[in-house]
Each structure stands twice: as C-alpha cells, then as structure tokens.
Amino acid sequence: MANALVNVPPRARRGDIIEIKTLVSHPMETGYRRTQLGAPIPRDIVRRFVCTYNGAEVFSAELHPAISANPYFVFSTVAVESGTIAFLWTGDNGFSVTESAAIVVD
Amino acid sequence: MERRDFLKIAGGGAAGIGLAAIIAVEPARATPASMEEAIRKVVGAAPIKPGRIKIELPPLSENGNAVPLTLSVESPMTEADHVRALHVFTEKNPLPEVVSFRLGPRAGRARVATRIRLADSQTVVAVCEMSDGSFWSDRADVVVTIAACAEEL
C-alpha cells in the first residue's frame, strides 16, 4: 500500500502564505535499469501530482524519471478560506493515491 | 615497415578500439542539443532571457539519486503578474526533461523544492514562464560523485 505524507499547517490567518510539504512512497523506477541478467526493468513512475484547495487547482507537477524515489515537493499557497487541501498522485500501472488535510483560516 | 610506423599504426588502432568500446558501453543519454530541443518543445520560438529565476543546487553532490533542488522566482504573484510554470532540464540524464510545475497567483510565493536524480556531473537548466508570456532561465553546474541509474538490481 502506497503511503503519502503531507504537512499542512492546521490554522492560518486569511492571506497568509502557507508552506506545504508532500511525500509519497513510490520507487520511481526509471526504465533505464537492468537486472543482473540484463533484462530491462520497465518504467514505473508517478506521472502527475495535483494539489487542490477546496476544489480549485493551486499547484501541479508533471514528473519524469529524473525525480527521485519517493517524490517530495515543497510549495506554497495563500490561505484564502477554511476547508480541505487535497492531493492526488497518479502514475504508471494504475498508481493513484489521494491525501487531504483540513485547514482552518481565521 | 619501420618500427616507428608500426607503433604509430598499432597505437592508432588501439585508441580506435578504446573509443569504439566507450561508444558501445555509453547508454543513450541526453546531450546539450537534445536538452535545447526539449526546452524549445516547451517554450516554442519565444526568446529565453537569463535572470529572474534562481536555481539552487549543491555544487557538489555525493549521491546523484537524490539531489535537493530549489527554484525561486522574484515575482509579486498577483493576478496580473505571476509565474505560470517552472521547468527543469538536464544535459546528461537519459532524458532531458526533469519536472514541470504549474502554479499561479494562488501560490503566493514562487518557490518550489524537490529532489532530483542526476546521472552525471552536468549543467541543470531551469526555465520559468511568466504570465506575460516571457521566459527566463538560470543554470547550475553540479559535480556528482555517485551517479544515479548506475546500480543494478
């Protein structure tokens, strides 16, 4: 089971810029490695990451094999209203993980 | 045949074989030309100016499998003037593309960090796309002691 870790401040003042950190457990197999017998290991990577704030997309990333295993992103968003910040990772072989965090904005 | 001539030919032949071996062993990898092509695919014909974006990478990285990368752009991040996207490219990885980020005025601050793989000591290029359609870039040279993608399973 793939795991995701997200770090979102639980409270913020309206208009504050909050920092979000995300980590998802994934090997990010490049497709360029071979086993000791010489058989190529097929590519298996996370292709896309999207962060939505109460349904509106605020940040996204398109990943290539050069992203390290267990993709880690740090980015920011403006705290506009209380609600949910949701995260979605999708990739090869039907990989799909969602995570969300609640935020209270005063 | 003079001994001298023989040595010349033998030496040349050995060097040739050495070169051929290097070429045969070298896996497919991006070159500055293919990086340029990948950048053009994203940017189109628009001119890319140096500046505004800053790429932070350690100058010396022990492990090419996880090199911390931070991109930041001086931008007010308002509706009228913000960073639309950030793209990262490499010269010598098997693929020139590394990652593309899309952000907008709701980011508040144009600063993104992640960890990337580097197959060799090389130049990493970051390009940012502003809301007015202009493109800016920065580059960083990294020395990698243990390359990514070298190990076997």
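Here's the yes/no breakdown for (1) closer than 30 Å to A:GLY38 by Cβ; (2) at pLDDT 90 or above; (3) not assigned by TED's automatic domain parsing to the domain that holds B:GLY133:
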| residue | (1), (2), (3) |
| --- | --- |
| B:LYS8 | no, no, yes |
| B:ALA38 | yes, yes, no |
| B:ARG52 | no, yes, no |
| B:PRO68 | no, yes, no |
| B:PRO76 | no, yes, no |
| B:HIS82 | no, yes, no |
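Among the conditions (1) in contact (Cβ under 8 Å) with a residue 60 or more places away in the chain; (2) in contact with a Gly (Cβ under 7 Å, 6 or more places away or on another chain); (3) over 24 Å from B:CYS128 (Cβ atoms), A:ILE17 misses just one, which is (3). Name the single residue, out of those in segment A:54-70 being of a type outside the set (A, V, I, L, M) and at the interface with chain B (Cβ under 7 Å from one of its Cβ atoms), that is farthest from B:SER100 (Cα to Cα). Per the criteria, the residue is A:SER68.
Scanning segment A:13-27 for residues being at pLDDT 95 or above and either over 27 Å from B:ARG106 (Cβ atoms) or among the small types (Gly, Ala, Ser) (or both) gives a total of 1. With respect to (1) within 14 Å of chain A (Cβ to nearest Cβ); (2) touching a residue at least 60 places away in the same chain (Cβ under 8 Å); (3) of a type in the set (D, E, K, R), the lone exception for B:LYS54 is condition (1).
Residues in segment B:96-150 that are part of a loop (DSSP other than H, G, I, E, B), farther than 21 Å from B:PRO32 by Cα and touching a strand residue (DSSP E or B) at 6+ places or on another chain (Cβ under 9 Å): B:GLY104, B:GLY108, B:ARG109, B:ALA110, B:SER131, B:GLY133, B:SER134. Considering segment A:24-47, and only residues there that are more than 10 Å from every other protein chain (Cβ to nearest Cβ) and assigned to a strand (DSSP E or B), the residue that is surrounded by the most Cβ atoms within 10 Å (Cβ to Cβ) turns out to be A:VAL46. Applying the criterion of being crowded, with 23+ Cβ neighbours inside 10 Å and more than 17 Å from the chain's Cα centre (by Cα) to the residues of segment B:74-106, the residue that is farthest from the other protein chains (Cβ to nearest Cβ) is B:VAL83.
The values are calculated or read from the model by the stated rules, or taken from the named source; none is laboratory data. Keep in mind it's a predicted model, so treat the numbers as computed, not measured. Every residue, glycine as well, gets a Cβ built from its backbone with ideal geometry; the counts of neighbours run over all protein chains shown.
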